[in-house]
1. What number of residues within segment 238-251 satisfy the criterion of being in contact (Cβ under 8 Å) with a residue 40 or more places away in the chain and under 15 Å from residue 179 (Cα atoms)?
2. Output the residue which, of all residues in segment 89-115 that are in contact (Cβ under 8 Å) with a residue 24 or more places away in the chain, surrounded by fewer than 17 Cβ atoms within 10 Å (Cβ to Cβ) and in a helix (DSSP H, G or I), is nearest to the chain's Cα centre (by Cα).
3. Taking segment 296-332, which residues are assigned to a loop (DSSP other than H, G, I, E, B) and under 18 Å from residue 368 (Cβ atoms)?
4. Which one of these is surrounded by fewer than 13 Cβ atoms within 10 Å (Cβ to Cβ), at pLDDT 95 or above and not in a helix (DSSP H, G or I): 279, 293, 354?
5. Against the condition touching a residue at least 40 places away in the same chain (Cβ under 8 Å), more than 24 Å from residue 108 (Cα to Cα), touching a strand residue (DSSP E or B) at 6+ places or on another chain (Cβ under 8 Å) and in a helix (DSSP H, G or I), how does residue 16 come out, does it pass?
6. Can you tell me which residues in segment 294-330 are without any contact (Cβ under 8 Å) to a residue 24 or more places away in the chain and in contact with a strand residue (DSSP E or B) (Cβ under 9 Å, 6 or more places away or on another chain)?
7. Which of the residues spanning segment 189-217 are over 29 Å from the mean Cα position of the chain (by Cα), crowded, with 17+ Cβ neighbours inside 10 Å and in a loop (DSSP other than H, G, I, E, B)?
């Protein structure tokens, strides 16, 4: 990297440049702040040594402009000044100055400060390179995840879902499929943590779910096979909280297994919670053999099943308050427009969290028991081929 010396006094700039060149530094020069910015657009500058007092754009304004450029690599700024008052130094630090050197500079001290700056800049650049690589890996994983594991567009008109990951790739999943007899299967899952580590188990889970659901296997068998697979591949501390659901339109029943998720809610078509499907089991991937006992509930035409991850009820607003179970269940007290219920809940959560960075994956799904309007589920890829 190169060093940039900025000073409107030509003699001072020339003396400092020659002194630093004798110590082995590659130096470029600028006579004011505007020229310095132009040089930095064309050259790889790692350290800037600037005089504070310059006509037009002074050293503090130059530093402020450097910090505004978020796209460039980090630049270490050393300010040469005769000012020593506390308020002046604080103003410089607020603008982004890294170091002060009193004028005229002691060359040994300046040399030591430059070496510190170079070490910091090299570390910053290394971190940025690692971060950029990580983001590229995330984007690749997101494409794979969208096409193979996570279904963002549910094809059945009686099912609505919303997946809002905290990062590019989330740990929440929602799958749905139709069995050979017309039964509907659904799985909402929440892996421990977030990001790539949380999403690593989603692909084998999706493979098991779709293969077994489309062959008409029981919920008990799907749970058993999913747990066996996850226990074999996941590291300690990573597991899947999940709710498996099967709607049998021949018998008019719902079969459910809940391990570690919040209560799934069965809501009447006009409102009111008819039953809670509480978590009765350990999450998947924790023990070698899991309890596969299920709940079987009779459903009426138009009943809703609302299933969600804890990211919904634990979503925080800017004041640190949680959305909570009570706010969620207020939406089910009296349903005036069944078709807009899901959008109403989703909008309520989004409005509540407005102004606060998301700190968990937020996933929810609504399945309406509709024995007349169900059509086979077509598991298509979400992204277009050219986007992969």
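1. From segment 238-251, those in contact (Cβ under 8 Å) with a residue 40 or more places away in the chain are 238-250; that's our starting set.
Subset that is under 15 Å from residue 179 (Cα atoms): 244-250.
The qualifying residues number 7.
2. Among those residues, the one meeting the criterion is 91.
3. Within segment 296-332, 299, 300, 301, 302, 303, 331, 332 qualify.
4. Working: 279 fails: surrounded by fewer than 13 Cβ atoms within 10 Å (Cβ to Cβ); 354 fails: at pLDDT 95 or above.
The match here is 293.
5. no
6. Those that are without any contact (Cβ under 8 Å) to a residue 24 or more places away in the chain and in contact with a strand residue (DSSP E or B) (Cβ under 9 Å, 6 or more places away or on another chain): 322, 328.
7. Selection gives 217 alone.
Here's the yes/no breakdown for (1) in the same structural domain as residue 221 (by TED's automatic domain parsing); (2) modelled with pLDDT of 90 or more:
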{"position": "117", "(1), (2)": "no, yes"}
{"position": "138", "(1), (2)": "no, no"}
{"position": "163", "(1), (2)": "yes, no"}
{"position": "167", "(1), (2)": "yes, no"}
{"position": "179", "(1), (2)": "yes, yes"}
{"position": "184", "(1), (2)": "yes, yes"}
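The values are calculated or read from the model by the stated rules, or taken from the named source; none is laboratory data. Quick caveat: nothing in here was measured; it's all calculated off a predicted structure. Reconstructed Cβ throughout: ideal geometry from the backbone, glycine too, with neighbour counts over all protein chains shown.
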